[in-house]
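Colleague: Structure provided below as structure tokens; questions to follow.
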Amino acid sequence: MSLPAKSSLLALAPIAVACAGVCFALWMSLAPYPVPASAPAEQFSAERAHQHIAAVCTAPQPAGSVRNDEACAYIQKELERLGVETELIHVYDKTGERQVSRRRAVLGRIRGAHPTRAFAMDAHFDSVAWGPGASDDWAGIAAMLETARALKNSPPLQNDIIFVFADQEEFNMGGAKAFRNHSWFQDVGIMLGVETRGTSGPSLMFETSPDNGFVLRELARAGVGPRTNSIMYDFYKRMPFNSDFEHYKFDVAGMNLAFVDGFDHYHTVLDNPENASLASLQHNGNYALGLARHFGMMNLDNCHAPDAQYFNTIGGHLVVYPLSWGWPLAMAAIVFILLVFAYGFITRKLSLRGVLTGILIIPLAGLIAAVPIGLISYIVFTRFRETALYQNNVFSLGMIAVGLSVFLFMLALLRRCARPQDLLAGALLWWLAGLAALQVWLPGGANLALIPLVSGGLYLLVVLVFTKNETPSPAILGGSVLLALPPLLFITGPLAVPFYAVTVMASIVLVPLVILLTAFITPQLYLISRTSLCVAGAVLIIGGALLLVAGYRGCLPGPDSPKLNCLAYGVDFDREEACWLSSTSRWDDWLARYIPEDAPSEPAGRFMHYDDTAYKKAAAPMPPLGRPTVEILEDTVTEGRRRLTCKIYSPRAPQRMWLRVTSDTPVYTAQILGHELPGAEKDWDLSLEIPPREGVEVYLEAAADKPLRIAVREKVYGLPAFEDFVPRPAHIAPEPNRTLIRLPLGSDHTYTFTTLDLGTPLAQPSLS
């Protein structure tokens with residue numbers, strides 16, 4: 001039977017059904033609609049939760065800053081207003097041989113009527129220095145505060161609910177470490193981390209504790225609409241990233257959440273209340289409140305079970321089964337596919353040449369598409385670098401359109417070499433190879449190939465059975481689109497995630513996966529003439545080009561897409577020298593106010609210890625705040641040792657302070673903030689993370705016959721408050737810490753160096 005020579009509207013109907021299925025799957029994968037502030041008191045309302053974000057996140061609040069202290073006080077006040085039992089952890093721990101760090105967290109607890117173990121949740125209230133942190137992570141803080149409010153307006157639960165409002169996640173995970181050592185942690189049975197790496201999108205459950213079977217089965221029963229797939233956990237385990245949850249997961253069962261769309265706003269000035277998605281906030285709240293109520297009413301004495309494989313079908317419906325089933329299911333699927341192929345070849349409804357064509361068309365289309373996609377990616381990255389992310393999703397759609405146009409042209413060219421069922425069979429062999437590869441390297445993600453392979457095998461079998469001649473009838477080709485829907489519906493949601501999680505720069509790998517998914521509708525595309533396929537390909541190219549142009553224009557500097565630059569300040573108080581520093585490679589008029597574009601590149605100076613990187617450098621005025629000072633509180637000599645107690649103070653309240661003895665003076669022992677530190681024969685040093693703002697007392701035992709000089713280096717968030725300093729205009733923003741090339745110099749930071757001369761002992765040697 002010959003294929004139709006001309007396309008008709010009826011021939012387009014199956015394609016329209018498939019496109020509608022894809023759109024439906026995408027819609028179902030989105031975050032839920034936000035609940036208004038007028039909702040009943042026992043419900044979670046994103047609008048109510050957002051009020052906390054709007055109240056606090058008007059400027060950056062990095063750990064150790066005054067605004068960070070204000071955010072901490074806000075949380076305490078809100079918990080007290082709600083009548084939640086509250087406790088503040090504020091301690092200094094020894095975190096290295098000669099390092100002392102502050103650790104702080106606000107804890108809240110709602111006691112249960114008959115507790116077994118507690119359900120706890122964690123989010124952090126500190127931001128980075130470059131953005132207000134409205135989403136990262138006040139979307140988690142606000143969700144927890146609104147959850148606490150809803151629980152206080154509901155009947156009591158059986159178990160305790162513990163809220164961990166952690167500080168310093170962006171700094172040193174200090175808040176999580178503080179709770180890890182707190183007595184309340186011993187009561188926890190299940191831990192929920194609420195994180196963010198963007199400003200929108202569904203809240204993905206991307207990480208679990210080991211032996212996650214119990215947690216996953218209960219997550220599926222909790223009715224919170226999770227969006228997840230076990231490949232996320234397998235993939236994340238291999239990444240060099242972590243969060244507060246890292247410090248809990250090996251001791252208690254639990255899971256970690258994050259929404260990751262809007263990565264262009266992450267850690268920048270655009271992470272503000274206006275860009276914080278209410279839908280994403282609602283999804284956080286659905287998890288937090290729903291899981292609190294679910295785990296709050298069950299026995300949590302044993303929350304571990306063998307690892308599970310899990311995935312969404314449509315929307316938030318979750319399927320969970322033991323990970324150990326992976327290989328048996330994979331082998332059963334492979335045997336099933338081989339039997340279908342055997343039937344096809346025995347009945348001659350599959351041909352070797354046709355199947356080989358079906359195998360080759362996928363990588364061939366992907367390779368051809370890689371040329372324009374790679375070129376476009378290079379041009380965009382070269383022009384915009386990290387700011388290309390402002391239009392990440394637009395660029396992604398443009399790349400997909402280009403890739404699909406290549407596939408349609410290839411199909412028009414090669415359709416005479418293969419029948420519809422041959423092309424479908426060839427594509428299924430790629431899914432079979434993917435299943436084997438995933439089962440070996442990412443077993444949690446095997447479901448992403450297993451489900452399409454099995455449903456595609458049924459699809460192919462039905463087409464083969466109902467094909468009476470060599471080529472299926474138009475009715476069979478059109479009607480079989482219903483069998484293409486299961487893999488389309490299943491894969492569309494997970495396939496969208498890497499485009500905004502890994503970002504558009506991975507399009508050269510991701511677009512071939514889109515082509516492979518599109519191969520499920522090749523039987524229906526056979527109903528369309530070659531000419532119409534070429535026309536459709538041309539339309540996709542034009543549409544893709546328009547999207548790419550729109551994305552390019554959207555990345556041009558403006559208030560919603562600011563250009564990023566780096567400006568830092570350094571001062572050497574000993575030499576009375578100050579300078580502006582920048583690692584920026586592309587100049588702008590604002591940056592030129594402080595550093596000329598032709599300024600020399602050279603190492604920063606002594607305030608950037610062990611950093612030999614060459615930065616653009618220009619002279620700057622001395623800062624309005626003076627050097628660190630030392631007050632000697634006690635200075636005696638006993639048994640040949642100088643025993644010195646002094647108080648070191650800095651007017652800048654630094655986030656990090658380093659002390660190093662630069663004189664040739666042995667230090668035998670030291671004490672600071674309640675911790676005893678070892679000495680050193682030479683070059684004794686000390687690292688302080690967020691030292692007390694009022695100054696820090698240091699006790700040293702050193703050689704009494706030598707003078708004592710201590711070099712002090714500081715790292716401070718922010719630039720000095722010069723009267724004539726002109727802030728960046730709206731179309732320029734400070735460069736965050738998520739750049740592809742990470743350097744020690746941080747934009748909008750102040751670095752200082754000074755030497756404190758403590759001379760020789762003030763007291764005469766003791767006779768004892």
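Colleague: Between region 534-560 and region 95-161, what is the C-alpha centre distance in whole Å?
Modeller: Value for the Cα centre distance between the two parts: 43 Å.
Colleague: Hey, another quick one. Can you compute the equivalent ellipsoid semi-axes for region 326-417, i.e. the square root of 5 times each eigenvalue of the Cα gyration tensor, sorted largest first and rounded to whole Å?
Modeller: 37, 19, 9
Colleague: Only counting other Cβ atoms within 10 Å, I'd like Met622, Met410 sorted with the fewest neighbours first.
Modeller: The order, fewest Cβ neighbours first, is Met622, Met410.
Colleague: Using only the alpha carbons of region 479-544, determine the length spanned along each of the three principal axes and report them from longest to shortest in whole angstroms.
Modeller: 37, 30, 15
Colleague: Using a cut-off of 13 Å between beta-carbons, work out the net charge of the residues near Glu78 (Lys and Arg +1, Asp and Glu -1, Glu78 not included).
Modeller: +2
Colleague: Taking 8 Å as the Cα distance limit and 6 or more residues as the minimum spacing, I'd like the relative contact order of the chain as a percentage.
Modeller: 14 percent
Colleague: When the distances between all Cα atoms of region 339-494 are binned every 10 Å from zero, what whole-number percent does each bin get?
Modeller: It works out to 10, 30, 35, 18, 6, 1, in whole percents.
Colleague: Could you tell me the calculated FRET efficiency between Ala433 and Val509, based on Cβ-Cβ distance and R0 = 22 angstrom, to the nearest 0.05?
Modeller: 0.90
Colleague: Turning to a different aspect of this structure: Looking at region 1-140, what % of the alpha carbon pairs are farther apart than 23 Å?
Modeller: More than 23 Å apart: 59 percent of the Cα pairs in region 1-140.
Colleague: Lysines within cross-link reach of Lys468: Cα-Cα under 23 Å, excluding same-chain residues under 8 positions apart?
Modeller: Answer for Lys468, where 23 Å is the Cα cut-off: Lys6, Lys349, listed by chain and number.
Colleague: Modelling each spin label as a point 7 Å along the Cα-to-Cβ direction, I'd like the Tyr668/Leu360 distance in nm, to one decimal.
Modeller: 8.4 nm
Colleague: Take the Cα radius of gyration of region 267-410 and divide it by 2.2 N^0.38 Å, with N its residue count; two decimals is plenty.
Modeller: Computed over Cα atoms of region 267-410, the ratio equals 1.64.
Colleague: Can I ask one more? Equivalent-ellipsoid semi-axes (√(5λ), Cα gyration tensor) for the chain, whole Å, largest first?
Modeller: Working through the eigenvalues yields semi-axes of 57, 32, 23 Å.
Colleague: Given contacts defined as C-alpha pairs under 8 Å and at least six residues apart, what's the relative contact order of region 564-768, whole-number percent?
Modeller: After rounding, I find 27 percent.
Colleague: Of Trp130, Trp430, Trp184, how do they rank once you tally other Cβ atoms within 10 Å and put the fewest first?
Modeller: Ordered by Cβ neighbours within 10 Å, fewest first: Trp184, Trp430, Trp130.
Colleague: Continuing with the same structure: Principal axis lengths of region 500-592 from Cα atoms, whole Å, largest first?
Modeller: Over region 500-592, Cα extents along the principal axes are 80, 24, 19 Å.
Colleague: Please name which of Gly478, Ala704, Leu389 has its Cα lying farthest along the dipole of the chain towards the positive end, using unit charges on Cβ (Lys, Arg +1; Asp, Glu -1) and the Cα centre as origin.
Modeller: The listed residue farthest towards the positive side: Gly478.
Colleague: Give the shape of region 143-221 as rounded, prolate or oblate, defined through the alpha-carbon gyration tensor: a ≥ b ≥ c are the square roots of its eigenvalues, a/c under 1.5 means rounded, and otherwise the shape is prolate if a/b is larger than b/c and oblate if not.
Modeller: rounded
Colleague: Set the bar at 32 Å for Cα to Cα. Now go through Lys647/Lys682; Lys94/Lys152; Lys152/Lys249; Lys563/Lys715; Lys94/Lys706; Lys177/Lys563 and name every pair that lies beyond it.
Modeller: Beyond 32 Å between Cα atoms: Lys94/Lys152; Lys177/Lys563.
Colleague: Based solely on its DSSP helices, what 222 nm [θ] is calculated for the chain when runs of n ≥ 4 H residues each add -39,500 (n - 2.57) and the sum is averaged over all residues, nearest 500 deg cm²/dmol?
Modeller: Value at 222 nm, helices only: -12500 deg cm²/dmol.
Colleague: Using Stokes-Einstein with the Kirkwood hydrodynamic radius over Cα pairs, what translational diffusion coefficient do you get for region 21-90 at 20 °C and a viscosity of 1.002 mPa s, in µm²/s rounded to a whole number?
Modeller: Answer from the Stokes-Einstein relation: 141 µm²/s.
Colleague: Working from Cα positions, state the angle (0 to 90°, nearest 10) between the long axis of helix 392-414 and the longest principal axis of the chain.
Modeller: The helix 392-414 is inclined about 30 degrees to the chain.
Colleague: Further question on the same structure: Which of the chymotrypsin sites (Phe, Trp or Tyr not before Pro) found in region 235-325 are loop residues per DSSP with 13 or fewer other Cβ atoms within 10 Å of their Cβ?
Modeller: Phe241, Phe250
Colleague: Which order do Phe520, Phe119, Phe725 fall in if you start with the one that has the fewest other Cβ atoms within 10 Å?
Modeller: Ordered from fewest to most neighbouring Cβ atoms within 10 Å, Phe520, Phe119, Phe725 come out as Phe725, Phe520, Phe119.
Colleague: Based on the Cα atoms of region 564-768, what semi-axes does the equivalent ellipsoid have, where each is the square root of 5 times one gyration tensor eigenvalue, given in whole Å with the largest first?
Modeller: 38, 15, 15
Colleague: Could you calculate the FRET efficiency of Thr645 with Ala59 from 1/(1 + (r/R0)^6), where r is the beta carbon distance between them and R0 is 41 Å, rounded to 0.05?
Modeller: 0.65
Colleague: Over the Cα atoms of region 89-215, what radius of gyration and what Dmax do you get, in Å?
Modeller: 15.5, 50
Colleague: With a Cα-only, solvent-free Debye model of region 591-668, what are the log10 I(q)/I(0) values at q = 0.12, 0.13 Å⁻¹?
Modeller: -0.60, -0.67
Colleague: Over region 46-314, what portion of Cα pair distances is larger than 23 Å, expressed as a whole percent?
Modeller: 47 percent
No lab work stands behind these numbers, since they all come straight from the coordinates. The model shown is predicted, which means the values in this text are computed figures rather than measured ones. Quick reminder, even Gly has a Cβ in these numbers, built from the backbone with ideal geometry, and neighbours come from all protein chains shown.
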